[in-house]
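Below is one structure, written out as C-alpha cells; the observations come after it.
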Amino acid sequence: MNKGFRFFVLLLFTGLAFYFLNPSIQWYFVLTPEQQNIISLPEEKVVELTKEQKQEFKNIKNIRQHSVKLGLDLQGGVFILMQINEDDLRKKLIEQYGDTNAVNEKWEEEYKSAVKQTIDVLKSRMDQFGVSEPTIQKTYSGQISVQLPGLDNPQLIHDALSKVGKLEFHMVDEDVMRLLAQSPLVQISNGAIVSRESLPTNFFLPEDDAWYPYFENDVEGNARLVGWFPLKKTVELDGTYIEKAMQGSDKDGSPSVNFSLSPEGGDIFYIVTSKNTNKRLAIVLDGKVKSAPYIRAVIRDSGTITSPTFKHDPNEVMFLINVLKAGALPVKLDIVQENVIGPTLGQDSINAGVQAAMWGAIAVVIFMIIYYRVSGFISMMGLVFNMWFLMGAMGLMGNTITLSGIAGIALTVGMAVDASVIIFERIREEMRRARSYKHALENGFEIARTTIWDSNITTLIASAALAMSDVESVKGFGLTLSFGIIANVFASLYIIRLIFDWLIDTFKLKKVSI
Amino acid sequence: MDNQNKSPQEKTAIVRGFKISHRVHFIKMRWLSMLISGAVLLTGVILFIAKGGFKLGIDFQGGTRVEVNIHSENVSIEQIRGLFVAGDIDSSVTTVGDPLKQHYLITVTDLSKKMEINPTNITQKLIAQYGISNIELLGSEEIGPKVAENTGQRLFNLLMFVALLILLYVALRFDFLYGTGAVIALFHDIAIMASFALVMDMPIDSTIIAAFLTILGYSINDTIVVFDRIRENHKINPDEDYELVMDRSITQSMSRTLITSLTTLFVAISIAVWGGRVLSNFGVMLVVGIVSGTYSSVFVASPITFMLRKLTVKKKGSDKKAKKSEA
C-alpha cells in the first residue's frame, strides 16, 4: 500500500475520533458550570429565554448528548432499584377481576403493564427531582432502576414516590384558538399551538388567560413538549372530586376512559359542562396539559373520554387513567437497593483512578523506552493513538465511564504493550538470523501478526460477552475493553508499522534502535 | 540453531535482550508445578471448608454499608461497633486510608433486622453519639437479599458462558486439546485468586468479580501467545518430538511473557497503591491474577495440553502402526 494513502487513513481515523470526542472536550474542559447548568431547565421554561439563550441552550444540550458521561460512582449521585410490591398488585387485580384464577391467568401481562405505567409516572415526575439527567429504566429482571446524578439525599425520591400530583381542569379559550387559527403564521397541530414564537405581533393574550404547555408521551414514554394551549386561568374543577377512573369501552367497542365524580363534584361538573358544550376541557397535571377532550354532552357524576388514538395505543388509555388519578403510582413499590455516592466520594474515586492510571502509565513508558529505545518510543506513540481511538469510540457511543471502565482501560494498556512486546521480541529474534534489519522488521511484523490477532480476538470474545451482561459494572468493563482491543489491533499492526516504514524509507535509516 | 546461521557481522552481538540458549525442560517440570498449584488450591479448599464458604460483599448477600467521616476526637472502631452491639446488631467497622482522617466504613449484613439496619438508622445512631455537626456522610449503600442473589448467579453463569466461548474459539483456531488446556488454565487462575481472597479474608464483591474477569482476559491472551508459538514451531517440523517443540516454544516466547507481565504488573501495582478504597482491592487481585496467569500459561496450559495430547495421540499412533502392519 502506498504510504501517502496509509497516512491519509490514519489521519482520517484520528480526525473522526476527534469529531466524536469534541463534545466531551467541550463539556469537561471548556464550558463553565453555569453554562452546564442550563440544560437542567425544563422544556416549557425554555420559551421564556431570549433568542441567543435559546440557541445556547440548544448547543449545550447537543454537546451534552454527545459527550461521554461519568457514572454515578465517579460523579456522585443516588441509585435506587425498585420492585413492584406483588401483594399490592394482586390485591388491586382481585378487586378489578373479582376472582383469583382470572388474576393468575393475567398476572404476567398485568405485571408488565404495571411496571410500564410506573416507569411512565416516574418519568413524568422527573423534573421534580431537580436533577438534570435522571435515568429511569426497566431492568432485565423486571425491576425499575432510577439514577439521579448529582443528588446526595435519597429522601427526596422517597417523597416523590409517595406524593401525588396536582390535578386541575381548565377551559380552553376557544375564541383565542379561533382567532389564531386564522393567522397564516400560526401552526396548529393536535389542536394545540405548535410554537409561541410564531404568534402575530399584534396578538395579546386576554388578561384572564394563560399559556399552558401541552405534553405528549413519545414512544419511550418520555413526556415531550408538543404545543401550547391558551387556557382560562379559572380552575373549573380540581382533582380531589374525581373518585374513580378506569378503562371502559365506547359503543364501537374501542377502549375508552371512564371516570366518576363525587356528588359535590358532579354538581360543579354539571354546570361547567352545560355551559361549555363543544368546547375543550383541558386536563392539567402539575401545570402541564395532558389532554384536552371536547365536551360533547352534559355530565353530572360520571363521564367517558374517547379518542380515535385509544384504539391503536392502549398505553394512552392507561396513561390518561393515571393522570385522572392525579399521577398516583399504580401500585406500591419496594426499594430493594439504594446507593448514595456523595460528591466527595465520587471525586476521590476520580482522583484515585487518574493517579493510578498516571503512575502506571509513567512506569510503562519509562520501561518501554529504556528497554526498546526508539522502538519503545514508537510503541508509546501507538499507545497514545490507541487511547485516542478508544475515547473516540466511547464518545461515538455516548458511553458512561465508570470505575470498572477505568479497569478496562488499564487492561487495554496492558494489551497494547503486549502487542508491541510480541512484535519487538520477534524482530529481535529475527535480527539474530536475518541478513538485514529491514528483513527482520518485515518478518517480525509478519509473524507477530497472527499471534496478535489470535490473542486479541480471544480476549475480545470474552470482553464482548461481558459487554452484553446486564450487571452494570461488568458491562462497563466489557464495553471499554472491547473498544480498547479493536483500537489496539489497529494501533499496533497499522500505526506502529506505518511509523517504522516511514522512518526507514523517508529518512533512509538503516535501523531503528530496538 | 541460530549458530548455524552465523552472519559476517556477528548479529547476535548487537541484538539486545536476553535469550536462553539451552533447553529448559518446562514440560518435565509439570509434576513440580502441579504440586505447587495443588498445594495453593488445597489451602483454598481447606480454608473454604473451615470458614464455611466465601466472605461475601453486600452486593452478593445483601446488607448495608455506610461511609462516614467522623470529626470528633477519641473515636475508635470498637466504640462504633459498640453502638450497634447494644441493639444486637453485628457490624463490621473498618477505617479507610489514613486512620487519622477518621474515615470509617460500617458494614452490616444482618438481614434479620432489615428495618434497623437501613442507612438512615445507622447514621442516626452515629449522630446521636457524636453530634450532627461531626458526622459527614460520604456515601451509603443498601442492597436487598433478592438483588444480591440474582447478581451472584448471573455473574457465575456469565463466567461459564465466557469460558465456553473461549473453548470453542481456541478449539476452532487450534484444536480441542489446546482449548481444554487454555480453559483449565483459566479456571486455575480464578481458583488461585479465590484462594487468595480466602487467605486475605477479602469479601467477594463486584470489584473482585471485575478483577476475575480482567484476569480471564489477560490469562487467555497470555496462553494464546505461547500456543501460537507452539503451533508455529510444530508446523515447521511436524515430526519433531512434541515435548521438545513445546519446551523450545516456551523458551522462545519467555522474554515476551516476562516483559508483558512486568509492564502489566506496573499498571496493576499502581492501581493497588493509588486506587483508593474501591480500586485497591481490585489492583491487589490483579497482581495475584497476573502472576498466576503468567505462571499458568507456561506451567498449566501447555503441560495439560501436552498430557492430553499424549493420551490421545498415543492411541492414534498405535492405530496407525496397526494399519501399517496390516498393509
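Readers should treat all values here as calculations from the given coordinates under stated rules, not as data from a laboratory. These numbers come from a predicted model, not from an experiment. Note that each Cβ is placed from the backbone with ideal geometry, even for glycine, and that neighbours are counted across all protein chains shown.
Across peptide A:284-296, the average count of Cβ atoms from other chains found within 10 Å of a residue's Cβ is 0. How far, in degrees from 0 to 90, does helix A:472-490 lean away from the longest principal axis of the Cα atoms of chain A, to the nearest 10? Computed tilt is about 40 degrees. Considering the protein assembly as shown at the alpha-carbon level, its Rg and Dmax are found to be 33.5, 112 Å. Here the dipole of region A:167-324 is about 320 debye; that uses its Cα centre as origin and unit charges on the Cβ of Lys and Arg (positive) and Asp and Glu (negative).
A simple charge model with +1 on the Cβ of Lys and Arg, -1 on the Cβ of Asp and Glu and nothing else charged puts the dipole of region A:409-514 at about 640 debye relative to its Cα centre.
The alpha-carbon atoms of region A:391-460 define a convex hull whose volume equals 93 cubic angstrom per residue. Given the C-alpha centroids of region A:109-185 and region A:324-403, what is the distance between them in whole angstrom? Measuring centre to centre over Cα atoms gives 31 Å. Principal-axis analysis of the Cα atoms of chain B puts helix B:30-50 at an angle of about 20° to the longest axis. Couplings 3J(HN,Hα) of region A:320-325, computed from phi: 5, 4, 5, 4, 5, 8 Hz, in residue order, whole Hz [Karplus 6.51 cos²θ - 1.76 cosθ + 1.60, θ = phi - 60°; x for Gly and Pro]. What you get for the protein assembly as shown, charging only the Cβ of Lys and Arg (+1) and of Asp and Glu (-1), is a dipole of about 4380 debye around the Cα centre.
For B:Leu138, nonlocal amide neighbours, meaning residues 5 or more places apart or on other chains whose placed amide H falls under 5 Å from its own, are B:Glu67, B:Val68, B:Asn69. Peptides A:267-277, B:21-31 ranked from most to least packed by the mean count of surrounding Cβ atoms within 10 Å: A:267-277, B:21-31. The fraction of all Cα pairs in chain B landing in successive 10 Å bins from 0 to the largest distance is 5, 20, 25, 19, 13, 9, 5, 2, 1, 0, given as whole percents. Pairs A:Lys279/A:Lys311; A:Lys244/A:Lys332; A:Lys116/A:Lys275; A:Lys54/A:Lys475: which are spaced more than 28 Å apart, C-alpha to C-alpha? Among A:Lys279/A:Lys311; A:Lys244/A:Lys332; A:Lys116/A:Lys275; A:Lys54/A:Lys475, the Cα-Cα distance tops 28 Å for A:Lys116/A:Lys275; A:Lys54/A:Lys475.
Using the Karplus relation 6.51 cos²θ - 1.76 cosθ + 1.60 with θ = phi - 60°, the per-residue 3J(HN,Hα) values for region B:79-86 come to 4, 5, 4, x, 4, 8, 4, 4 Hz, with x marking Gly and Pro.
Extent of region A:279-409 along its three principal axes (Cα atoms, max minus min coordinate, largest first): 90, 30, 23 Å. Among A:Ser469, A:Phe13, A:Leu93, which residue has its Cα furthest toward the positive end of the charge dipole of chain A, with +1 on Lys/Arg Cβ and -1 on Asp/Glu Cβ? Highest projection toward the positive end goes to A:Phe13. A convex hull fitted to the Cα coordinates of region A:243-317 yields 102 cubic angstrom per residue.
Ranked for footprinting exposure by Cβ neighbours inside 10 Å, fewest first, B:Val66, B:Val183, B:Val93 give B:Val93, B:Val183, B:Val66.
Only helices enter the 222 nm calculation for chain A: every DSSP H run of n ≥ 4 contributes -39,500 (n - 2.57), and dividing by all residues gives -18000 deg cm²/dmol, rounded to 500. The Kirkwood radius of region B:63-143, taken over pairs of alpha-carbon atoms, gives through the Stokes-Einstein law at 37 °C and 0.692 mPa s a diffusion coefficient of 263 µm² s⁻¹. What shape does region A:211-279 have by the C-alpha gyration tensor, where a ≥ b ≥ c are the square roots of the eigenvalues, rounded means a/c under 1.5, and otherwise prolate means a/b greater than b/c and oblate the rest? Because a/c hits 1.5 or more and a/b fails to exceed b/c, region A:211-279 counts as oblate. For the pair region B:171-249 and region A:1-19, the centres of their Cα atoms are 36 angstrom apart. Scanning chain B for GluC sites (Glu not before Pro) in DSSP loops with at most 12 neighbouring Cβ atoms within 10 Å leaves B:74-239 as the longest stretch between them. In region A:167-282, the alpha-carbon atoms span a convex hull of 149 Å³ per residue.
Value of Rg to Rh for region A:401-514, rounded to two decimals, is 1.10; Kirkwood radius and Rg both from alpha-carbon coordinates. Highest mean packing first, where packing is the average number of other Cβ atoms within 10 Å per residue, the peptides B:83-90, A:302-309, B:264-271 line up as B:264-271, A:302-309, B:83-90. Across peptide A:324-337, the average count of Cβ atoms from other chains found within 10 Å of a residue's Cβ is 2. In chain A, the longest principal axis of the Cα atoms and the axis of helix A:3-25 are about 40 degrees apart. Toward the positive end of the charge dipole of chain B, with +1 on the Cβ of Lys and Arg and -1 on the Cβ of Asp and Glu, the farthest Cα among B:Val267, B:Ser92, B:Ile122 is that of B:Val267. When the chymotrypsin sites (Phe, Trp or Tyr not before Pro) in region A:192-246 are filtered for DSSP coil states and for at most 12 other beta-carbon atoms within 10 Å of their beta-carbon, the remaining sites are A:Phe203, A:Phe204. Once Rg and the Kirkwood radius are both taken over the C-alpha atoms of region A:103-233, their ratio Rg/Rh works out to 1.09.
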